[in-house]
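Notes follow once the structure below has been shown.
The values are calculated or read from the model by the stated rules, or taken from the named source; none is laboratory data. Computed from a predicted structure; not experimentally measured. Glycine gets a Cβ as well: all are built from the backbone with ideal geometry, and neighbour counts include every protein chain shown. Heads up: the accessible areas ignore ligands, DNA and RNA and are worked out on the full protein's heavy atoms, side chains in. Shrake-Rupley method; radii C 1.70, N 1.55, O 1.52, S 1.80 Å.
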Amino acid sequence: MFDWLLDLFNGSNSFMPHGACYLWQPSVLWLHVISDSLIVLAYYSIPFALLYFVYKRTDLVYRWVFVLFGAFILLCGTTHLMSIWTIWHPAYWLDGSIKLVTALVSIVTAILIWPLIPELLQLPSPKALKTSETYMRAIFNATPDAMLISNQQGVITMINHQCELLLGYSADELVGQTIELLVPERYRAAHPALREQFAVTPMTREMGSGRTVVALKKDNTEFDVEISLSPIRTEQGLFFASALRDITQRKKMEDALRASEERFRRMSDVSPAMIWITDVNGNPSFVNQTWLNFTGLGIEQAITHDGWTNLIHPDDRASVFSEYYKNIFDHKPIMTEYRMRRAQGDWRWILDQGVPIHDENGEFGGYVGSAIDITERKQAEAEFRIAATAFESQEAMVITDANAVILRVNKTFTDSTGYSAEEAVGQKMNILKSGRHDDSFYAAMWESLNRYGTWQGEIWDKRKNGQIYPKWLTITAVKDDTGMVTHYVGTHIDISDRKAAEDEIKSLAFYDPLTKLPNRRLLRDRMHQMLVTHARSKMVGALLFLDLDNFKTLNDSLGHDKGDRLLQQVAMRLVASVRECDTVARLGGDEFVIMLEDLSQNVSEAAVQTEIVGEKILAQLNKTYQLDGYEHHSTPSIGATLFVNQETSIDELLKQADIAMYQAKAAGRNTLRFFDPTMQKSILARADLEKALHDGLREKQFHLYYQPQVDDQGRIKGAEALLRWRHPLRGMVSPSEFIPLAEETGLILPLGRWVLETACAQLVEWSSRPAFSHLTIAVNVSIRQFRQPDFAHQVFAVLAESGAAPEKLKLELTESLLATDVEDIIVKMTELKNKGVTFALDDFGTGYSSLYYLKQLPLDQLKIDQSFVREILINANDAAIAKMIIALAESIKLEVIAEGVETCFQKDFLESLGCLNYQGFLLGKPVSIEQFEAMLKA
């Protein structure tokens, strides 16, 4: 490998240099060549390293020394290169010239460097520099303001600790970044130009000189800062020291102060009072716009002492000044009344009040006060003195304030009510309330007073001794110039005697003397009013015609006095059996008419309501009567007819009810019959169905059918127990037909208990069979059933008696249950949940649920109502609601199941939304227990 090198050494004789060096040996020759070559390489590399160092360290002092020294080293390397060259080419002039240049550069370098030695010795050592930098860094970080230093290009070179805290960046994150990082986006594009403009004529801008900018924190929040800028000129170029101070709170305080001052100015300017402020010497320093408007003065004249004193009436000045200066020297509140001339030139009475103000150190700072025009009050006081003379009239009179608090009464009022002036003044007018008028009466009274300023009419009040009496009352509202009520004046006349006479006449004309019930005339009047009202409201009314069975026999056997006693007791029982808004009237003899108002708008429902009232009347009138020691039993026959509008006349209605009453007598008496045959048929059908329900429960005609509940893998997880009624004659009766009736009659309670017991017994039977032991049964619970106070204990009793596992029982509650008393529902559900019973919310999405309560309910499952599933593929609203329900269930960790799934497309769509449990005809219809178990085995 090195043979060529050996050959070179051995053949070196032929390379002997020209001239005197012929005595050189080859080995010596190559020793010089190799050594000079290495020196040349070293000398030529050193200048380039120095030049690179100088290029990078722009902050170095005396950079030219490094350049000069690099040139010297380069020339030294060149002399060694020439030494090699002259071995074979004796260009000694060239060699000498280069050495001469090298010598000259060496001398210049030496001459220039030696004088620099003392200055270089003055430069701090690395240790001193480090100590100084630590000292400066400590000062830099201890500065209370955020500090950062950037170069002319806007690159951040240093920040202090306060800057890190203020901006949210660490030093490593900010150093090396441009200052634009801290500028909000909307200002960032223009900032470099502003920075360059400042760099052209840099100057120190101190903190507090009004230089505020908006800065951006790391979390992108903006805040106001006050900034000071100081240019720093260095060998490395121009730098800028920036001090930042967060003035967010200060700006808020300044804004709040300005807003407060502006609010005070606005409030004072719109105040009806003339507001003023004086200094410690009593000279005005502020008046509001109201003062200026009242006096007609300009602001410059108004805040002078003469501007105020010249406005005071000459006759009042002495007393005003005396009161004012007496209090101002003692720093006490001031209150004076005097006349002051206003802009129109007339004199007005003024009430002037002021209070001393003090600064935060408790030093007296002057007065703040207000003056109001009381001219009208002064005039009113004079007029009131005149009116007081006329107050003591023959009518009872009372004066109240705007809140109906009694201020004054006259002697006639005292004589009429029994309250003395001392007892009445300070009380509200409601001390006279008799209780005979409802809230609507007083609402109408106040509406008239507020709208027209007056009301008059007949009213029943109560004297001090408790006696209730009628009077004719007139109330007049007293208003000020602005239309505001200041007082009420009431006068009344006792009309007890006149009222008694009117009542006697009315009673004879409109009431039956024996029973005190309305007579035929009053009944017809009320029927007419009711027909008109019902024509507007579309409400159904009813008329019951009642006749006592065998009443003539009682009169003939025991006498008319006993008959009268019976009629009186019947009247009392009838009144007690109906509402206050209904009318009970006696037509004569043993005939009574009951008029029922405001029944349901649905005729069938109104018929049911009428029947209920009729049955109640039958029950009451069938009770034994005590007729002056004689025990008597009587029964009624009742005919009923319904009406909606004025199409049927009063006489026709009475005739229809009378015909229906005779139908009741023909049916065996002591019963109720409707005039309308179809209505009668409907009521009979309902009664038959109710009886059949009772028989069906007693004869065990009810059965449970089971509809499978399936997951997305097609596995049957459980079943919903559905009540079915197989009647021996009617066949299968629809649940929609008998469930509402069961709810209404209360039969739903024993039915619900039977369903719960049967379902639990089935769970126990399944628990012993491995193929069925995993199944759950969902049982529907009605609102009426769940609202029983002991419902939870009923469930516990059924579970204990049957031995069923609570976790296999799922109670389905309808969403409508949550419409009222949610707190009680939560308590019951929590009690059952703690024992292991699970819950599903059926028909979810129909609109009753409150999401606030929903998250508090211990539910396990939400059930999408079949009304949403039915058109989920064609109705975007139904699809959106289903999606919302699934998302809601997922968010509150509930399982969701869709009912009414009838097609594969519905199932697939629901599955795509995240619903993984299904129930519907697609997966299985409700079937008997035998068919259900066969389905599961298959």
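Positive end of the charge dipole of the chain (Lys, Arg +1 and Asp, Glu -1 on Cβ, about the Cα centre): tell me which of Ser106, Gly629, Leu854 has its Cα farthest that way.
Positive-most Cα among the choices belongs to Ser106.
Roughly how many Å² is the accessible area per residue of the chain, as a whole number, for a 1.4 Å probe? List each step's numbers first, then the result.
Working: 51710 Å² over 938 residues.
Heavy-atom accessible area per residue stands at 55 Å².
To the nearest 10 square angstrom, how much accessible area does Arg245 have with a 1.4 angstrom probe?
Rounded to the nearest 10, that gives 90 Å².
Rounded to a whole number, what % of the accessible area of the chain do carbon and sulfur atoms account for, probe 1.4 Å?
Details: 29560 of 51710 Å².
Carbon and sulfur: 57 percent of the exposed surface of the chain.
Given the pairs Lys623/Lys665; Lys411/Lys471; Lys623/Lys691; Lys428/Lys479; Lys428/Lys464; Lys552/Lys623, which are separated by over 23 angstrom at their Cα positions?
Values: Lys623/Lys665 19 Å; Lys411/Lys471 17 Å; Lys623/Lys691 25 Å; Lys428/Lys479 19 Å; Lys428/Lys464 14 Å; Lys552/Lys623 19 Å.
In this structure, Lys623/Lys691 lie more than 23 Å apart at Cα.
Count charges around Phe905 for me, please; just the other residues with Cβ under 14 Å from its Cβ, Lys/Arg as +1, Asp/Glu as -1. Provide the component values of the computation, followed by the final result.
Working: positive: Arg870, Lys907; negative: Glu871, Asp878, Glu902, Asp908, Glu911.
Within the 14 Å Cβ shell, the charges total -3.
Between 0 and 90 degrees, rounded to the nearest ten: what's the tilt of helix 126-142 against the longest Cα principal axis of the chain?
20
Rounded to the nearest 20 Debye, what is the dipole magnitude of region 509-593 about its Cα centre when Lys and Arg each give +1 and Asp and Glu each give -1 at the C-beta? Provide the component values of the computation, followed by the final result.
Numbers: 13 positive and 11 negative charges, 87 e Å.
So the dipole magnitude of region 509-593 works out to roughly 420 debye.
Give me a comma-separated list of calculated 3J(HN,Hα) values for region 164-169, in order, Karplus coefficients 6.51, -1.76, 1.60 applied at θ = phi - 60°, integers in Hz, x for any Gly or Pro.
Those phi angles translate into 4, 5, 6, 8, x, 9 Hz.
Based on the mean of other Cβ atoms within 10 Å per residue, sort peptides 455-467, 513-525, 592-604 so the most packed one is first. Intermediate results must be reported in sequence, preceding the final value.
On the way: 455-467: 14.7, 513-525: 16.7, 592-604: 18.9.
Most protected by this proxy first, the peptides run 592-604, 513-525, 455-467.
What figure, in Å² to the nearest 10, do you get for the accessible area of Lys808 with a 1.4 Å probe and non-protein molecules left out?
60
Going by alpha carbons, how many degrees (0 to 90, nearest 10) lie between the helix axis of 876-891 and the longest principal axis of the chain?
70
Divide by every residue of the chain the summed helix terms, -39500 (n - 2.57) for each DSSP H run of at least 4, and state the resulting mean residue ellipticity at 222 nm, rounded to the nearest 500 deg cm²/dmol. The partial results should precede the final answer.
Working: 35 runs with 456 residues, N = 938.
Here the helix-only value at 222 nm equals -15500 deg cm²/dmol.
Expressed as an acute angle from 0 to 90° and rounded to the nearest 10, what is the orientation of the C-alpha long axis of helix 650-666 relative to the principal long axis of the chain?
Between the helix axis and the principal axis of the chain, the angle is about 70 degrees.
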